[in-house]
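Scroll down for the structure; my scribbles are underneath it.
The values are calculated or read from the model by the stated rules, or taken from the named source; none is laboratory data. Given the structure is predicted, the values throughout are model-derived calculations rather than measurements. Cβ placement follows ideal geometry from the backbone for every residue including glycine, while neighbour counts extend to all protein chains displayed. Surface accessibility is based on the protein's heavy atoms, side chains included, excluding ligands, DNA and RNA. Shrake-Rupley method; radii C 1.70, N 1.55, O 1.52, S 1.80 Å.
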Amino acid sequence: MRARNLLCGVAAGSIALAADVKFAADKVHAENNAYAIFNSVHSAGRQWGSSVYHNGFALIPAAVPRGSVFYHAAATKDQPAGPELLYFEPEAAEAFGSDRVACHSGCTPPADLSAAAKAVPSPSDTRKYMHTYRNKRDLKLLLVDGMSAGNTNYGTLDTQNFVLLEGKQLDKEQSEYLHHAQELCKVVQPWGYDGLIRAEMGFEIVSCNVTGTFTQMKVKGIFSEPEKTGDSSMHVYQWARAASERYDGLGARLKLDFSSMVSGLFYPVNTTNPDPLHPEYKRLAATPLEDLRVIKNHVAEIGRARFQTFLIDWRYIVDTIVERFSDRLAAMADKNVGDLELVNEVETAAISYIDAEALESSTEGPANQADVIKQSIKDCMDHYLYPALPFSGRWNQADHMLYHSVITVMNDICTTFIKGWWDLDDDSDSHAGNIQLRAESKTQRVVLANIRSQVAQLYNRLGWTTWRKTRPCAVDETMFIAMWPYGAEEDYSNPGCRKRKELVKGRTGYWGFGNSDATVKASLSSLESEEL
């Protein structure tokens, strides 16, 4: 209880001081940076999102459960004391720990591995060892979001170099990656952290005390290039394949405490990129160090509280929103979507949050109907925040900032769908939600064009990482297997992508409901004959 009160006091104090301190977290900044903060929550600890938005701004307390397995490659069998790097995938450990790739110092991986192997005098002289470790207890780590292990000039290290290390120049005479890890541990260990977790091609842990927190389970010699039958030409592919299994996260191996998250985007940071060649990449490099020190001090306060609240699962909230609207928006934003399909998509997205009875009984004219629509937009905005709202009296600073970010994004989504549907309905013959498309209606065509424009703009503002993935099916299709009560024989024997027009009510043959194929053909024929 004392710990909870301590952290709540820190959060409350930070908010209370916002009016008195020039550089402070504030809901205004959370709202201005709402889309980036939303995407940060969605992408943290996920390989895909960390790669799309590789310049991160957030530091998030994390927990790794006891008994998780990690890998480390080294020139000796001895367990290192630390700081040292441990990897979630053996391919990454071997790559960064062997003479294949030593890119933490900014080198270029050898283009010809077989040529590199010929230069090796003998296997015994160059033997490397793969260590397998398990953690003795739950680990308290600090996740740095984005591609935070990437040694690049794009700004991937800004949060570590400018916030945590305060712009400290590292000694170039020492191993750069190891010295970097040592300096980071000097900062985060006194705050109660066991290290950091970062992304590259795969995820790594910067462990500040390997011997104290990990048990060495196994050590095996790594085959050198001359000892192998193959030519290692598939190494990068196999490493990438292993990393791709983490595109959607590390699962139960990583739990993030978003209620204790600190993001530079909560503050009035200057995100201008000083590199004129890449103005599209936001950075922290242009923000004065004395301002960034405010962010660092807040991270320290949370860490020294020596507990993590995990009060609100903001990842669940954000994921639910993306899962609900991602494919729908992709379909609506498709330049080939037909008018009827667009109306159906907008209507389905909107009317879940509209009270048909209240709208029908709005007898006081357009003003009263507008109030119903306004309430519907609010209900839509609040809907996905139901898991968080009952606990608002216990929110930390991060919860307040994330609330304002998420509610800003939801206001944009809900207004686009519900207002668009209402504009269509307003031009129809009734206000009962029965929208009739009329080819001769110039007003309706203008409304449809406006909806297309609004959806396209919303799509660009959101910038969701799901849209950067290669789709398994086209936007007018969905992956389908027979699921009661629907599905034809082929949907069970050969599941796959099915077009909108194929998935109709009569598609029930697999479950013994009659001649599904004939029903489907009749339904398809009817749909194809429709004209706007």
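Observations on the structure shown:
- Taken over the range 222-253, the criterion of being touching a Lys or Arg at 6+ places or on another chain (Cβ under 9 Å) and at pLDDT 95 or above is satisfied by Arg246, Tyr247, Asp248, Gly249, Leu250.
- Contacts under 7 angstrom Cβ, first residue in the range 445-462 being within 15 Å of Leu340 (Cβ to Cβ), partner outside any helix (DSSP H, G or I) and open to solvent by less than 40 Å² (accessible area, probe 1.4 Å), 6 or more apart: Val447/Asp427
- Residue in the range 340-363 that is open to solvent by less than 40 Å² (accessible area, probe 1.4 Å), at pLDDT below 95 and among the polar types (S, T, N, Q) present: yes
- Within the range 185-207, the set of residues being under 21 Å from Ala92 (Cα atoms) and either part of a helix (DSSP H, G or I) or open to solvent by less than 10 Å² (accessible area, probe 1.4 Å) (or both) comprises Gly195, Leu196, Ile197, Ala199, Gly202, Phe203, Glu204, Ile205, Val206, Ser207.
- Remark: Gln369 falls outside the filter, which requires a residue to be farther than 23 Å from Glu323 by Cα, surrounded by 14 or more Cβ atoms within 10 Å (Cβ to Cβ), out of contact with any strand residue (DSSP E or B) (no Cβ under 8 Å at 6 or more places or on another chain) and at pLDDT 95 or above.
Yes or no, residue by residue, for (1) open to solvent by 50 Å² or more (accessible area, probe 1.4 Å); (2) at pLDDT 95 or above; (3) over 25 Å from the mean Cα position of the chain (by Cα):
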position: Arg2; (1), (2), (3): yes, no, yes
position: Tyr35; (1), (2), (3): yes, yes, no
position: Leu85; (1), (2), (3): no, yes, no
position: Ser98; (1), (2), (3): no, no, yes
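- For Asp399: the one exception among (1) surrounded by fewer than 20 Cβ atoms within 10 Å (Cβ to Cβ); (2) in a helix (DSSP H, G or I): (1)
- Candidate set: the range 442-466, residues that are of a type in the set (S, T, N, Q) and surrounded by 17 or more Cβ atoms within 10 Å (Cβ to Cβ); chosen: the one nearest to Ala333 (Cα to Cα): Gln454
- Subset of the range 208-230 (residues that are open to solvent by less than 10 Å² (accessible area, probe 1.4 Å) and either farther than 26 Å from Gly45 by Cα or aromatic (Phe, Trp, Tyr) (or both)): Phe214
- Note on the range 489-530: among residues that are basic (Lys, Arg) and surrounded by 11 or more Cβ atoms within 10 Å (Cβ to Cβ), the one that is modelled with the lowest pLDDT is Lys521.
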